[in-house]
Amino acid sequence: MNEQQDEQTDRLLQAWLDGELSEEQRAQAESLLASNEEHRQRVEAYEKIGASLRRTRGLERVEPSADKFWNRLRPQLSRPSAPPWWRVLWLRPAYSLALAGAAAAVILVALWVGTLKEPPVPQPAATLASEPGCLVDFIETEVEDATLVAYHSEQDDLTVLWLFTDNDEGATGAHSSTERQSG
Amino acid sequence: MQKARPVDEDQQWVERCQAGDLDAFEPLVKQHYERAVRIAYGVVRRQEDAVDVAQNAFLKAYQKISDFSGRSRFSTWLYRIVFNQALDYKRKRDRRKVVSLDTSEEDGQHPREPAALVDSAENPREAAYAGEMEAQLERALETLSEEHRQVLILREVQGLSYEEIAEIAQCPLGTVMSRLHHARRALRETLAQWL
């Protein structure tokens, strides 16, 4: 008998032992048992294992009695159980409103804090200064509300001056002067 | 053990519980508590703990009784709750300490001294032999996976049918048969010299 056949036979015999076979299958199993000593020994082994399990893993007598068991259980049944958190919110609208209000307040505060941050001041000189062979400098002037920026490029033989002023509308104007070195 | 009550009678009490009659739960408890404790004992191995587990399971069953649809028998539905509660209890207990076979000395029944054979004066050699076999059986059981071990115990010790085991353990019928087959075969091979 190959391994697969042996397994099928073993399953059949176990199911016979457990009383889980149809009439036809039972007849088949009993025929196998009647004709094969090894199969009978196998079933006997399973019966011994079952009997030992019942001795070691079964309870001879259940304590307490049914009445004592019920008397101990009954007070717990009448105690109300704690509902889940979502049910508490569902049943108590005030709790839901309070929670929603708190969440809205947190969101509003977060947005307000975000608006307090000042926008970065544009620094055009920073971009130009990164070019090789370029020099950018801020020059102090006596003109109020005005900034003078000098840009010099050796490669291009070029010097540019910017005068940044703040006009009445708040915009920034720029006037430039370029000069090339002669010779 | 009490004779199983017809299904119709359980259903009647279940419906009254679902309508809010707390005292209608009493006949259901008294009918099924013994088997519930035995099923729990098969997992947790201590009678006191088994009673606690069974109590918690009945409490949970009562709280969820409105969820019971009647598709299965009440007893099977209840025993599934007992079984799961017992497994949870055992997992929590095992996390707290290492469980060895020696801790079974705290149980009412010690595998090395089966209650049925301790006082046997007729054939002490046979008694000693059976005791040693049962000790070996316990060791062999611990080598099985939890799923295989519990299916075997539900079948051999609680006498439940394949269908009941499938409902309680929440696995297909084929899986129950496969696990039983594997568990018995493994034990037969391990205990070959004792059988």
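The values are calculated or read from the model by the stated rules, or taken from the named source; none is laboratory data. Keep in mind that what you see is a predicted model, and the values were worked out from it rather than measured. As a convention, Cβ positions derive from the backbone with ideal geometry for all residues, glycine included, and neighbour counts pool all protein chains shown.
For the stretch B:63-75, state whether one or more residues are in contact with a helix residue (DSSP H, G or I) (Cβ under 9 Å, 6 or more places away or on another chain) and at the interface with chain A (Cβ under 9 Å from one of its Cβ atoms). Yes. In this structure, does B:Gln109 turn out to be at pLDDT 95 or above and within 14 Å of another protein chain (Cβ to nearest Cβ)? In short, no. Restricting attention to the stretch A:40-51, does a residue exist that is modelled with pLDDT under 85 and either facing another protein chain (nearest Cβ under 7 Å) or part of a helix (DSSP H, G or I) (or both)? Looking for residues that are modelled with pLDDT under 85 and either facing another protein chain (nearest Cβ under 7 Å) or part of a helix (DSSP H, G or I) (or both), one finds none in the stretch A:40-51, hence no. If you go through the stretch B:46-84 and keep only what is over 22 Å from B:Ser161 (Cα atoms) and either touching a Pro at 6+ places or on another chain (Cβ under 8 Å) or not in a helix (DSSP H, G or I) (or both), you end up with B:Arg46, B:Val51, B:Lys64. Restricting attention to the stretch B:166-175, report how many residues are under 26 Å from B:Arg139 (Cβ atoms) and at the interface with another protein chain (Cβ under 10 Å from one of its Cβ atoms). Residues flagged as under 26 Å from B:Arg139 (Cβ atoms) and at the interface with another protein chain (Cβ under 10 Å from one of its Cβ atoms) within the stretch B:166-175 amount to 0. For the stretch B:140-154, taking the residues that are closer than 13 Å to B:Leu187 by Cβ and among the hydrophobic types (A, V, I, L, M, F, W, C), the one that is surrounded by the most Cβ atoms within 10 Å (Cβ to Cβ) is identified as B:Val151. Do the conditions hold for A:Leu53, that is, is it aliphatic (A, V, I, L, M) and farther than 26 Å from B:Ala128 by Cα? Spelling it out, it is not the case that A:Leu53 is aliphatic (A, V, I, L, M) and farther than 26 Å from B:Ala128 by Cα.
On the stretch given as the stretch B:155-164, residues that are at pLDDT 95 or above and more than 10 Å from chain A (Cβ to nearest Cβ) total 0.
Quick check on B:Gln158: is it under 12 Å from the mean Cα position of the chain (by Cα), within 20 Å of B:Leu87 (Cβ to Cβ), among the polar types (S, T, N, Q) and outside any helix (DSSP H, G or I)? Taking the combined requirement at face value, the residue satisfies it. Looking across the stretch B:16-39 at every residue that is closer than 15 Å to B:Leu78 by Cα and charged (D, E, K, R), the one that is farthest from the other protein chains (Cβ to nearest Cβ) is identified as B:Arg35. Residues in the stretch A:1-34 that are of a type in the set (Lys, Arg) and either away from chain B (no Cβ under 14 Å) or farther than 20 Å from A:Gly50 by Cα (or both): A:Arg26 only.
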